[in-house]
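What follows is a set of notes on a single structure, which appears directly below.
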């Protein structure tokens, strides 16, 4: 099986999500429509809404709320991207100019706020207090993760546990919530809900670790962003943590100085250390462990195309090159 199998399983549902996204993006304020449409249509993988659709399908859901909630999840994610790019001063995402590069920081922040509020309007319409609690909590944790990451900028002493805390808040929490929604919609017992939440959390963690690896192993044209962006922002990601641990004193010093001073100018030197020290293999090993945890969490789900697609996503997370 491949990622194409996953897309096939949810093709009809995802088409409905796309239609609802376009409908709920409508605003009488033209700039809201322009910015929101630009970022929504920029070619993302739509993994988070896919998790909501797949978890609902895997558990036999027959209603329509999974379409609305998948849209909510995508709006929350898109809002975080708009805000992230402003905070990080990013100029490239998914191979295109970022919204803030085209429309300015103010427009990006305010349209991000619009998407958050539209997401909450939609989740209220589902009229399920537990669903609202899970999504509200996730949104709050994501914001905490953003602040944690900001606090860690330029910190070359960051350890793996602190790094994992940031990505579990900032990235994996929405994966966790998205996967949990299928269990909530089908009124599953706590064990099934916890299993899907665990799957989402570990999948999101693996996905982010691989993203951080690709910043030092990929090609800009493939991963859709400028290589070295993380270093230029002073982010101490897992490949750098392992490079300082596995490299010799001189190599560790090169990486440490680049993090502290947020030096893209030294990216070539840092890249050489990362690629020769075994840091990328060590980081990928951590990603594979997380992916296996995700697979183990859903071992007891009914065996059907949707649950098979969930398993395929765990494999895709660590095998992709973009």
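Summary value for segment 60-145: 34 percent relative contact order, contacts being C-alpha pairs under 8 angstrom separated by 6+ residues. Computed extension gain for residue 276 through residue 129, at 0.36 nm per residue and net of the alpha carbon distance, reaches 47.8 nm.
What shape does the chain take by its C-alpha gyration tensor, where a ≥ b ≥ c are the square roots of the eigenvalues and a/c under 1.5 counts as rounded, a/b above b/c as prolate, and the rest as oblate? Oblate, since a/c reaches 1.5 and b/c is not below a/b. Segment residue 322..residue 299, full-extension length gain: 5.6 nm, with 0.36 nm per residue of separation and the alpha-carbon distance subtracted. On the basis of the beta-carbon distance and an R0 of 30 Å, residue 117 and residue 262 show a calculated FRET efficiency of 0.35. Taken along the Cα-to-beta-carbon direction at a fixed 7 Å, the label points for residue 249 and residue 89 span 3.4 nm.
Spin-label model, residue 285/residue 150: points 7 Å from Cα along the beta carbon direction are separated by 3.6 nm. By the count of other C-beta atoms within 10 Å, a proxy for reagent exposure, 181, 25 are ordered fewest to most as 25, 181. By other beta-carbon atoms within 10 Å, ranking 272, 170 with the fewest at the front produces 272, 170.
The spacing between segment 2-76 and segment 106-121, judged by their C-alpha centroids, is 17 Å. Answer rounded, prolate or oblate for segment 23-161, using the Cα gyration tensor with square roots of eigenvalues a ≥ b ≥ c: rounded when a/c is under 1.5, else prolate when a/b is larger than b/c, else oblate. The shape class here is oblate.
Rounding to the nearest 10 and keeping the result within 0 to 90°, find how far the Cα-based axis of helix 190-217 lies from the longest principal axis of the chain. Taking the Cα atoms of the chain, the angle to 190-217 is about 40 degrees.
Overall form of segment 213-293: oblate. Here a/c, set by the Cα gyration tensor axes a ≥ b ≥ c, is 1.5 or more, and a/b is not larger than b/c. Placing R0 at 30 angstrom, the Cβ-Cβ distance between residue 29 and residue 97 gives a FRET efficiency of 0.90 after rounding to 0.05. For segment 204-322, averaging the sequence separation of C-alpha pairs within contact (under 8 Å, six or more residues apart) and dividing by the residue count gives a relative contact order of 35 percent. Relative contact order of the chain, taken over Cα pairs closer than 8 Å and 6 or more residues apart, is 22 percent.
Relative to its residue count, segment 111-232 spans a Cα convex hull of 130 Å³ per residue. In degrees from 0 to 90, rounded to the nearest 10, what is the angle of the helix 267-276 Cα long axis to the longest principal axis of the chain? Here the helix axis deviates by roughly 80 degrees. Can you work out the PRE-style zone for residue 140? Point 7 Å along Cα to Cβ, and I want the residues of segment 44-79 with backbone N under 19 Å. Flagged as within label range: 73, 76-77.
No value in this document is a laboratory result; all are computed from the given coordinates. Quick caveat: nothing in here was measured; it's all calculated off a predicted structure. Neighbour counts are summed over all protein chains in view; Cβ atoms, including those assigned to glycine, are modelled from backbone coordinates with ideal geometry.
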